[in-house]
1. Would you please give the FRET efficiency between residue 11 and residue 191, computed as 1/(1 + (r/R0)^6) with r the Cβ-Cβ distance and R0 = 56 Å, to the nearest 0.05?
2. Once amide H atoms are built 1.01 Å from N in the peptide plane, which residues 5 or more positions from residue 304, or in another chain, come under 5 Å H to H?
3. Would you please report the Å³ per residue occupied by the convex hull of the alpha carbon atoms in the stretch 86-316?
4. Provide the FRET efficiency to the nearest 0.05 for the residue 405-residue 610 pair, computing r from the beta carbons and using R0 = 51 Å.
5. Please order 245, 565, 178 by the number of other Cβ within 10 Å, starting at the fewest.
6. With a point put 7 Å past each Cα toward its Cβ, work out how far residue 506 is from residue 474 in nm, to one decimal.
7. How do 124, 433, 413 line up, fewest other C-beta atoms within 10 Å first?
8. Give me the one-decimal nm value for the distance between modelled label points at residue 378 and residue 624, 7 Å along each residue's Cα-to-Cβ direction.
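The numbers here are math on the coordinates, done by the rules we state, and not lab data. All values derive from a computational prediction rather than experimental measurement. Please note: Cβ atoms are built from the backbone with ideal geometry, for glycine as well, and neighbour counts cover all protein chains shown.
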Amino acid sequence: MNSEQDAERAAFLRREIARHDRLYHVLDRPEIADAEYDALFAELKALEARRPELVVAESPTQRVGAAPLAGFATVAHDPPLLSLDNTYDEADVREWHQRLLDHLGVTALDSPLAAEPKLDGLSCRLVYERGRLVLAATRGNGDQGEDVTANVRTIASVPLLLADGAPPRLDLRGEVVMPRKEFDQLNRALAAAGEKTYANPRNLAAGTLRQLDPQKVAQRPLEFRVWALGRVDGAPLPATHSAAMQWLGELGFKTVARDGCVGDLDAVLRWYRELLARRDEFPIELDGVVLKVDAFALQERLGFTARSPRFARAWKFPARQATTRVRDIVVQVGRTGTLTPVAVLEPVQLSGVTITHVTLHNAAEIARLDVRIGDLVLVERSGDVIPKVVQVAEGARSGAEREFQFPAACPECATAVVKDADFVAVRCPNAACPARLLRGLEHFVGRSAFDLEGFGEKLLAQLIAGGHVRTPADLFRLDFDTLRNLERMGDKSARNLLERIAAAKRRPLERFLFALGIPDIGETAAQQIAHHFATLERVRAATREEVEAIHGLGPASAASLVDFMQSEPGKALLDALAAAGVAALPAAPAGGGPFEGRTFLFTGTLPTLTRAEAEARVKARGGTLLSGVSRKLSYLVVGDAPGSKLKKAQELAIPVLDEAQFLALLERGPEAGA
């Protein structure tokens, strides 16, 4: 090739790679396989290596990061990046809306409202000239920020070269974020490497973007999502915010508007409640929603106060992080005898719940956090709603704080504890320990196991203290007189419990196995074992080699299962359950069933079925469950407040079923269609 042909080929490759980047990172619909993309990238890289004069700033090869920076230059923002006033409840939102009407002197807005998720990240401004990224700057104080262009160039969802139709100059605002899944993975890697971990995705995103070495930034999975236009020169401005976001999407950007809502006040209020309900399904941490008047003409009429726009408002979600103090650290004894340290906190409100206790897991976690009695700590209530300590305010220590020491004896039965070689776990070895028995029974009667509703901690503790229950099998021998004579138990309650006990005597094999509380045998492993062996008799006779042959089960799980089944206590429990009339229903063999090869995903709340019940029906018919929407999904089953999964499934033309259609499909089989 001559020099002109090389230049044309390099330009073509840059455009083609940019197009595939947009398809993959922005639209989630890749057209080529990874290997084909890698081949295009490798060709461009080789061409630029041979002809260095063809390297340009917007080349995708430059995302790997430039040389380390000495510091960040200061950038003036014009117009300024103003902050939003906050509201915290529906009454405040309605009051804000009424003030808009009063300011305009009207009884109704001549424009809908645009509502969008408020991403918890770092605000950033991008400037493009002739379709090329020329500037990226942090918000800073609103008037001035830091030039982070070299770092932002490494973010895959930031287009370096815009699609056709870009104006001569485009100034926009958005959020640099780190998805929750990637945050968890990276934090674990940092902890394993002995490096500083971060309390939340926002802190990690901010810390990453302000790295002076762009090559380090390139190694971290940041994303950028646009939430506003700043200025457009040389092209007509769209009439509304929603139209502007659609236009920016066509130019190659991810926008928050694609997960938002445009409508009247009531529609926006409904959308807020739906988003709050599915907050934990959202891939990026949210701290609320942003509401704004959609029409730019009305925005201009409403104008600004000294520090914020009148036409927009941030409606914050209930807090999921708060600071409180550790009053004490106590230990709880689990069903396997493990002593778990628990921090007793000064009560603090998180997401509408009062948090008073937080597990600290084990000695290694206490050492990692360096948490002490009396410490001021940051507590988070995350997606799984289980609160956790994420950070200690070491600078707030007075010197009166005390380090925690594990007890030498079990606090429940006074048996001397034993420690792992690495001192991660501390255990009570006494199988007859009352605390171990109580926790084991709680697990046995749990929803995912025998689902014996009504047998809570207090009732089980009474039954243990009275000598009525020593093993799970004893639950099925309880009689009316024993139950009705318990504290706070009348005749009607006793009869209800006996009815539940009778109904629970036949349970699917996978739930039966999970209920036994065998170490290393969780719900998924129990399902795999049940569908491989089909009957309890075959499980009891299985060898380690046979169990290890099950895909996904390792030596530890196999040894744990076989050791339990062949141990005297294990045999005695299974025989006692059988003698009490308890049976494990055979499971469908692995690979069997009419829905073999079909995949399902559930989202929202179903009218009559629990999620566990619905998923169990799929598995019983040979179907497979997926955790996210992709082209591999056969059916999406939706209930109330289905969330973003529904929108994505519709975009991919995946069949969507409600509960009634789902049950009908299971009844008639997949060949009848959806």
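1. Working: r = 44 Å, r/R0 = 0.79.
The formula returns an efficiency of 0.80 here.
2. 310
3. Details: hull volume 29.1 nm³, N = 231.
Dividing the Cα hull volume of the stretch 86-316 by its residues yields 126 Å³.
4. On the way: r = 43 Å, r/R0 = 0.84.
Computed FRET efficiency for residue 405 and residue 610: 0.75.
5. On the way: 245 24, 565 19, 178 30.
Ascending Cβ contact count within 10 Å gives the list 565, 245, 178.
6. 2.8 nm
7. Values: 124 26, 433 20, 413 15.
Sorted ascending by nearby Cβ count, the order is 413, 433, 124.
8. 4.0 nm
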